[in-house]
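To start, the structure under review is shown below, and the notes come after it.
Just so it is clear, none of the values below were taken in a lab; they were calculated from the coordinates. In this text, all values refer to a predicted model and were calculated from it rather than measured experimentally. Every residue, glycine as well, gets a Cβ built from its backbone with ideal geometry; the counts of neighbours run over all protein chains shown.
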């Protein structure tokens, strides 16, 4: 359910900036379903994801109908890439409503958190050319449109370049997610009634998800470090 005031705010963001931001907790099964619903509800064809840019060729071939070729970056296991995302991407491409960009690129070894976010914001701006607007999805630490305790997130960088851009924060209820390992969500408040809804609260856009489900995340087991076995000291 989209409350009228929230829907109007989203429209303003798209009209004024051409962008809408969505902050997620990685590794939740419902995340790609939310992406699909937002794109359908607001007629969006542009989608920018916080996935490694080096996957662009592999993912583009897949959404065009080909096989998903293996690539080491598909197996990060941090919940950004899920089976549900891949299914939604192919579906949106099949109906002709997908202009896809992957904006997590290489960074310098000495870059700060803010510098990485500034670089990602630049990638989003370079790709946000869809006439109907672009939905940019990233971890929820990156999407606020003002400075946070971590530094200057990409949302704040985009706000300087595209005044009027707004971010939606997903508020998760009970459930689980997968980010390197299965984890549980311990919400600070109960979400009631049990209905997914987008609304405004103190000028912020909130999307309430009453129950979250652990996503199917491509990952490979990490080997335990091997330590040399201790041998008895026979020098004495």
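Observations, loosely collected:
- Residue order, fewest to most beta carbons within 10 Å, for 15, 167: 15, 167
- Rounded to 10°, Cα long-axis angle of helix 83-94 versus longest principal axis of the chain: 40 degrees
- With neighbour counts taken as other beta-carbon atoms within 10 Å, the residues 42, 103 rank, fewest first, as 42, 103.
- In degrees, nearest ten, helix 4-17 long axis to first principal axis of the chain (Cα): 80 degrees
- The range 87-220: relative contact order as a whole-number percent, Cα under 8 Å and 6+ apart: 17 percent
- Each residue in 211, 24, 118 was given a count of other beta-carbon atoms within 10 angstrom of its own, and listing them fewest first yields 211, 118, 24.
- Remark: the Cα gyration tensor places the range 4-212 in the rounded category, a/c being less than 1.5.
- Cα shape, the range 133-194, gyration tensor, a/c 1.5 rule: prolate
- Over the chain, Cα pairs under 8 Å with separation of 6+ residues give a relative contact order of 31 percent.
- Using R0 = 30 Å, the C-beta based FRET efficiency linking residue 202 and residue 40 works out to 0.65.
- Counting 0.36 nm for each residue step from residue 83 to residue 216 and taking away their Cα separation leaves a gain of 47.3 nm.
- C-alpha long axis of helix 113-127 to longest principal axis of the chain, angle in °: 50 degrees
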